[in-house]
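Structure first, commentary second.
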Amino acid sequence: MKSKSVRFPDAAPRVAGTLSKRAATPTRVSRRTQLLKPPIRLLTAVPICDGHDSAINTINLEFIHCGVEVVYLGYHRSARDIVRAATQEDVRAIGLSSYNGGHVEFFTEVVELLKRQGANDIGVFGGGGGTITKADAAIMQKNGVDRIFFAGTPLSEIVKFVKIAYGAHRRAGWRARGETISDPDRRIARMLTAAETGDRDEGAYVRGAPAKGSGPITIGITGPGGAGKTTLIDELVLRFLKASPRTRLAILSHDPSLIGQGALLGDRASMVYSQDDRVFMRSLATRGQAGGLSPASGRCLRLLKRGGFDRMFVETVGIGQEAAPFGGEPVDRVILVMSPDYGSRLQLQKIVMLDVADIVVLNKSDLSGAKTAAVEIEQRLALNGRGQKLIQTVARRHRDTGVDELFRLAIS
Amino acid sequence: MSVLAQVTKAVEGFNRFVEQQVSQARSDSQFGEQLMARWQAARGGLGTVTIPTALKLPRLALPLTDEPGEVARYLYGEGLPGEFPFVNAAYREMYLVNAGAKNTEEPTRLFAGLALAEDTNHRFHYLTRHQKNIRLSTAFDGPTLYGLDSDADGVFGKIGEGGVALDTMEDMERLYAGFPLSGEHFSVSMTINGPAPIILAMYVAAAKRRFGPEVVSTLRGTIQADILKEVQAQNEIIFPIEASLRFLADMVEHTTTHLPRWYPISISGYHIAEAGATPVQQAAYTLSNGFTYVELFRDRGLEVKRFGPRLSFFLDCGLDIEYVALARVCRKLWAIGMRDVFGADPPAQLFKLHTQTSGRSLIAQESKNNLTRTAIELVLACLNATNSCHSNSADEPFTTPSEEYVRLAANSQAILLEESGLFKFMMNTLAGSPGMKIVERAVEEGILVEFREIDRLGGVLPAIDQRYQRSQIQAAAHRYEQQINDGTRPIIGLNRYRDETNAAPAVKVVRTPRRKKQLQVDRLEKFKHRNRARTERALDRLATVVESGGNVFKELIHTVECCSLGQITGRLHECVGRHRPMV
């Protein structure tokens, strides 16, 4: 098969860099973990003050088609945001695509921050076409970056590197050093990984999860793709953080796995207020389960409930009419987010969540057709006779009064 | 009917009108005779020039035809240079030696920005040391482009990389020190978008501090401030789109009154093309963004007559054949749209164009080949009668351009326009070839197809919301990469005639040393400390203006006296929120 290649605008020769010792050290892989090996999870991002996202978009696609789960943080992201996201998501490595200079300092800062968080088992690799010289790459690799790819590197080579360097089960990696995980978020993140993979050995950490009261109120948010669920959560987060200076929030977000392949976990990329030390966010791929959640959602949710958060959000993937995703899960309140373009009035009758949801949000209520939609949904809810609230929002608008109203309902 | 639908209709109507004139010229002998009389007069009135080899030439080349239909198609359909619909040129004589008073400036405008303000100032003086007309073009570093201060979390490594670091109006004073800001032959251009109003306010404040308040009305230059293309392609937007557009309109309103020689927006296709768009997409999105701005300013109550002539454009010029005629078509469509949809007079019908050669077409392998690429692109840009031009340095794929390559790039323009006889003696030397006309038609039709699609989505802003432009650009970028990969798009030295022995570029890399970065941070801290008693009050006043719907730009000219860029964007974020990235 012909390999695809990314040509960075300043395409440099196709030269393989050398693996740093840490990444190249072969890890022993037991037969059991080989059989049940979960997908590799990576976080990709573009550094602060850099909007060049074309190369990373191409690379993300290649990764997910090769079975990797990619948490994409987007462009113009600070080292602190990147490291926070990487530790919360408990990814195996961070991939950075840098085109605006300052890469030596930036990559080094990421590596240093990871160390400081006790998360230096998370690898760092990246590229930046010709803007990163070989001399720069040598310094960066000396500073702890696993690998810098130069312009003209075939995508297949990057994937191969990721599979070799980060494909092995990590258990040996962090346990062998006998490290204790002091950072509570890091601890939760590791336990979530155990919960997601169902690993028996790491399961010990699930049992050791800190218990604290009955757990926070958990809000489930669901609705069709593109209705604005992620934006709405981000706007609610902004209001929660502003309302109380000590509040800590957790978000469990879901994105679909491609059949037999990886997943692009991209909700973080469009969230601006949720990149905060007071917000713990975890992205799960559905890994073959239909209906909006992952097979591990329940376990992860129960774990997070004991994590000391004040409020939790669970966002499903975009759902169809027949889905009712929160059936068996410990969710206290369910919000259905819709946009005015659901089709005819008849279509409304078929949406199961309209019977289940506690609050229905009609987002994008500035679009034409919103008035009709509001009337039709009101009528549909009235038939249920359960006093379900309908709130109209324009989540993309700053300080939207509809979102304010939703927030008041959400804190009560 | 949306503005784009109206423009499309106007263009179709114009083309029908031209064809009617063509058939009338052929069938109606009286009309035909009038036309031929006009044609003879135009021919007879041409000045002549004797070139150094003693050959005598007219100053404008006209088609050698006496067929009334063809004459009608030429005079109505493309117009003489400087005449509606300006297909051949915005002005009559463009680059000609001893051209009329309207356009006496050489088109060279070179982009520079490196390290700290004084370093860029030094580069500016170096670049313009032989120029009668001083035309500076400024690149800013990453933190400045994103409205962050140099002491912001995690940006230290980016200070002064890829452009000049600018935090305060004092940096602005250093940046243009020693230049006559109000001079007849001086103009400055600033490539910045998200925080553009703050940066221009700093420029105005710095100029006032140096020359007194009366300097303001004489300031001449351009600021990019094109928010729509940022959302579509370059991702350097910091406030939500609505708020960004409001700040922009405030700035346009203020400058059209108080800085009448200023161009407050440069509607740009460059970044759209660099992000991967095809030439047709570049032209279509640039024009449609332009018409959207005009609609926005008009709906705010600004007069097209006032602001129309203060709009300028910025296009990429690459190696694809569309570039033979791309700007020619843009001038035509803009003129028709402005005249027929917005009722603009001739000064507001002009598509005033700055062109930059394609950065994306340059590669690191055997990088001296980039000199040839840029030279070809320069010829194409001048064939399109661009009003000003930047030629890229061959070392740009890996570094902020070094003086050696900047000099070569500047010289390439001088060689083309001053040394070669191609453009300096006669207008339209190569215009109107059959191939050029064919490309024009194909490009125009392609642009109208895009206009119809954007209109179908509800116009430019709704199309942005639906990610239309972004996904089209990304798909084109993907195709481009695939073509390079499978060899259908040959790139010499990369996928063809590759020199394996000499692959590593041996070019000096320009970087900002650590001590300079630290110096910038120290200066900023001193500024903040010195002004600490005034900062909060100034920011509060700014916030009040934002909330009350006043003119934010006018207030910013005061705010920048005692607040840094980052302090101002921080407060504005509190008022209007942050831009939510599109992915």
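For the set B:376, B:51, A:377, solvent exposure ranked by accessible area (probe 1.4 Å, protein chains only) runs largest to smallest as B:376, B:51, A:377. Annotation: residue B:391 carries an accessible surface of approximately 0 Å², with a 1.4 Å probe and no ligand, DNA or RNA atoms counted.
Report the far tail of the P(r) of the stretch B:120-247, meaning the percent of Cα-Cα pairs longer than 27 Å. Can you show the working numbers first?
Values: 1607 of 8128 pairs.
Taking all Cα-Cα pairs of the stretch B:120-247, the fraction more than 27 Å apart is 20 percent.
Note down the relative contact order for the stretch B:476-583 as a percent, whole number, built from C-alpha pairs under 8 angstrom at least six residues apart. Once normalised by length, the contact order is 18 percent. Ligands, DNA and RNA excluded, the heavy atoms of residue B:29 present near 80 Å² of accessible surface to a 1.4 Å solvent probe.
Under 5 Å between amide hydrogens, built in the peptide plane, is the criterion, and for residue B:493 it picks out B:498 among residues at least 5 positions away or on other chains. The listed residues A:217, A:251, once ranked by accessible area (1.4 Å probe) with the largest placed first, stand as A:217, A:251.
Here's the list of lysines a cross-link from residue A:389 could span, going by alpha-carbon distance under 30 Å and ignoring same-chain residues fewer than 8 apart: A:229, A:242, A:305, A:350, A:364, A:371. Put simply, the stretch A:21-174 fits an ellipsoid with semi-axes of 23, 17, 15 Å; these come from the alpha carbon gyration tensor as the roots of five times its eigenvalues, largest first.
If one computes P(r) from the Cα atoms of the stretch A:373-412, what percent of pairs lie at distances over 12 Å? Walk me through the numbers before you get to the answer.
Details: 483 of 780 pairs.
Above the 12 Å cut-off, the stretch A:373-412 has 62 percent of its Cα pairs.
The alpha carbon convex hull volume per residue for the stretch B:352-465 rounds to 154 Å³. Using only the alpha-carbon atoms of the protein assembly as shown as identical scatterers, what base-10 log of I(q)/I(0) does the Debye formula give at q = 0.05, 0.09 Å⁻¹? Per q value, in the given order, log10 I(q)/I(0) is -0.33, -1.04. Which log10 I(q)/I(0) values, to two decimals, does the stretch A:217-411 give at q = 0.09, 0.14 Å⁻¹ under the Debye formula with one point per Cα? Per q value, in the given order, log10 I(q)/I(0) is -0.31, -0.77. For q = 0.12, 0.15, 0.16, 0.21 Å⁻¹, what log10 I(q)/I(0) does the stretch B:232-376 give under the Debye formula with an equal point scatterer on each alpha carbon and no solvent? Results for the stretch B:232-376 at q = 0.12, 0.15, 0.16, 0.21 Å⁻¹ read -0.54, -0.80, -0.89, -1.30.
Kirkwood Rh over alpha-carbon pairs of the stretch B:16-56, then Stokes-Einstein at 20 °C and 1.002 mPa s: what D in µm² s⁻¹, rounded to an integer? If you can, show how the numbers build up before the last one.
Numbers: Rh = 12.3 Å.
Estimated via Stokes-Einstein, D reaches 174 µm²/s.
Ranked by accessible surface with a 1.4 Å probe, highest first, in what order do B:530, B:407 come? Intermediate results must be reported in sequence, preceding the final value.
On the way: B:530 135, B:407 105 Å².
Reading off the accessible areas and sorting them downward yields B:530, B:407.
The stretch B:279-348 and the stretch B:510-542 have Cα centres lying 39 Å from one another. In the stretch B:540-583, the residues that give up 50 Å² or more of accessible area when the other protein chains are added, compared with the chain on its own (1.4 Å probe), are B:578, B:580, B:581, B:583.
Can you give the calculated 222 nm mean residue ellipticity of chain B, where each DSSP H run of n ≥ 4 adds -39,500 (n - 2.57) and the sum is split over every residue, rounded to the nearest 500 deg cm²/dmol?
-15000 deg cm²/dmol
As a calculated quantity, the FRET efficiency between residue B:305 and residue B:467 at R0 = 35 Å, using C-beta atoms, amounts to about 0.50.
Shape analysis of the stretch B:291-383 based on the Cα gyration tensor places the equivalent ellipsoid semi-axes at 34, 13, 9 Å, largest first.
For peptide A:133-144, the mean count of partner chain Cβ atoms within 10 Å of a residue's Cβ comes to 1. Kirkwood-type hydrodynamic radius, the stretch B:432-542: 21.0 Å, calculated from all non-identical alpha-carbon pairs.
Measuring with a 1.4 angstrom probe and ignoring ligands and nucleic acids, residue B:27 comes out at about 100 Å² accessible. For chain B, what is the relative contact order in percent, using Cα pairs closer than 8 Å and at least 6 residues apart in sequence? About 19 percent, as a whole number. Under the convention that each Lys and Arg Cβ holds +1 and each Asp and Glu Cβ holds -1, the size of the dipole of the protein assembly as shown around its Cα centre is about 2580 debye.
For residue A:251, the residues 5 or more places off, or on other chains, whose built amide H falls under 5 Å of its own are A:280, A:281, A:282, A:313. To the nearest ten degrees, helix B:117-127 and the longest principal axis of the Cα atoms of chain B are 30 degrees apart. For the segment A:50-60, counting C-beta atoms of other chains within 10 Å of every residue's C-beta and taking the mean gives 5. Remark: the stretch B:60-67, residue by residue, has Karplus-estimated 3J(HN,Hα) of 9, 8, 10, x, 8, 9, 10, 8 Hz, where x stands for each Gly or Pro and the curve is 6.51 cos²θ - 1.76 cosθ + 1.60 at θ = phi - 60°. Measuring how big chain B is from its alpha-carbon positions, Rg and Dmax come out at 24.2, 81 Å. For the residues of A:94-104, the average number of beta carbons from a partner chain within 10 Å of their own beta carbon is 4.
The values are calculated or read from the model by the stated rules, or taken from the named source; none is laboratory data. Please read these numbers as outputs of a predicted model, since none were measured by experiment. Note that we place each Cβ from the backbone using ideal geometry, even for glycine, and neighbour counts take in every protein chain shown. Just the protein is used for accessible areas: all its heavy atoms, side chains included, with ligands, DNA and RNA removed. Shrake-Rupley method; radii C 1.70, N 1.55, O 1.52, S 1.80 Å.
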